[in-house]
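So the structure is just underneath, and the comments pick up after that.
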Amino acid sequence: MPLRKKTVIAVTALCVSTLAVIIICPMAGIVTIGPQQILNDENLRFIFFSIRIPRVLTALFAGGGLAVSG
């Protein structure tokens, strides 16, 4: 398998796994929050959008920054 094809496969796999983590991680915690619960419960919606999503995005950008800086 050529090196370029391996690189494309590796980058694609990393992007897909990153997107999966961004989607799954905010739903996991002491209280598991499902998509249906986000739509129905105002308290869980607040927790999801005000606490969990910013925490996941902060971790993503901090990890990216550390990876770039070496």
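Let me check I've understood the local charge: for residue 23, count other residues with C-beta under 15 angstrom from its C-beta, Lys and Arg +1, Asp and Glu -1. What total comes out? Please report the intermediate quantities before stating the final value.
Numbers: positive: 52, 55; negative: none.
Its environment carries a net charge of +2.
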| said: Using helices alone, I'd like the mean residue ellipticity at 222 nm for the chain: each DSSP H run of four-plus residues gives -39500 (n - 2.57), total over residue count, nearest 500. | reply: -23000 deg cm²/dmol
| task | Would you please give the FRET efficiency between residue 44 and residue 11, computed as 1/(1 + (r/R0)^6) with r the Cβ-Cβ distance and R0 = 30 Å, to the nearest 0.05? | result | 0.30
| task | Subtracting the Cα-Cα distance from 0.36 nm times the residue separation, let me have the gained length for residue 20 to residue 3 in nm, one decimal. | result | 3.5 nm
| said: I'd like the orientation of helix 3-24 relative to the chain: the angle between its Cα long axis and the longest Cα principal axis, in ° from 0 to 90, rounded to 10. | reply: 10
| field | When the convex hull of its Cα atoms is projected in every direction, mean area for the chain (nm²) | value | 6.4
| the chain - accessible surface per residue (Å², probe 1.4 Å) | 80
| said: On C-alpha positions alone, give me the angle between the axis of helix 53-69 and the longest principal axis of the chain, in degrees, nearest 10. | reply: 20
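The values are calculated or read from the model by the stated rules, or taken from the named source; none is laboratory data. Just so we're clear, the structure is a prediction, and the values are computed from it rather than from any experiment. As a convention, Cβ positions derive from the backbone with ideal geometry for all residues, glycine included, and neighbour counts pool all protein chains shown. Just the protein is used for accessible areas: all its heavy atoms, side chains included, with ligands, DNA and RNA removed. Shrake-Rupley method; radii C 1.70, N 1.55, O 1.52, S 1.80 Å.
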